[in-house]
1. Criterion first (over 13 Å from the mean Cα position of the chain (by Cα) and at pLDDT 90 or above) does Val26 satisfy it?
2. Name the pairs whose Cβ atoms lie under 6 Å apart, with the first residue in the range 14-28 and within 19 Å of Arg64 (Cβ to Cβ), the second in a helix (DSSP H, G or I) and of a type outside the set (D, E, K, R), and 6 or more positions between them or separate chains?
Amino acid sequence: MIVTRNKPGLYEYVKRLVAKYPRIQVMLDRRRVERRERIGPIGGDRRRTERRSQPEVTNELRARGWAMTRRRAGDSDGPAGSEG
């Protein structure tokens, strides 16, 4: 579960609520600033896709302040529940 940075009270509440479930990890959104919206055509970009692009998560964070997501295989932030 990801909680937006501007709701630290919600983050603490949910973290305590799910503490007994070791497979659930609650973390603050690590993005610092919103990405800039481009006006006009996009120039040649060497990357084919943004690997962390999840517009549905961004939309849920904006609307509700939190979003549920699954950890992808290969993510290496430590075992579930270790951060936050």
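1. Values: over 13 Å from the mean Cα position of the chain (by Cα): no; at pLDDT 90 or above: yes.
Against the criterion (over 13 Å from the mean Cα position of the chain (by Cα) and at pLDDT 90 or above), Val26 does not qualify.
2. The qualifying pairs are Val26/Val14; Leu28/Tyr11.
The values are calculated or read from the model by the stated rules, or taken from the named source; none is laboratory data. Just so it is clear, the structure is predicted and the values come from calculations on it, not from any experiment. Ideal geometry is used to build each Cβ from the backbone, glycine not excepted, and the neighbour counts take in all protein chains shown.
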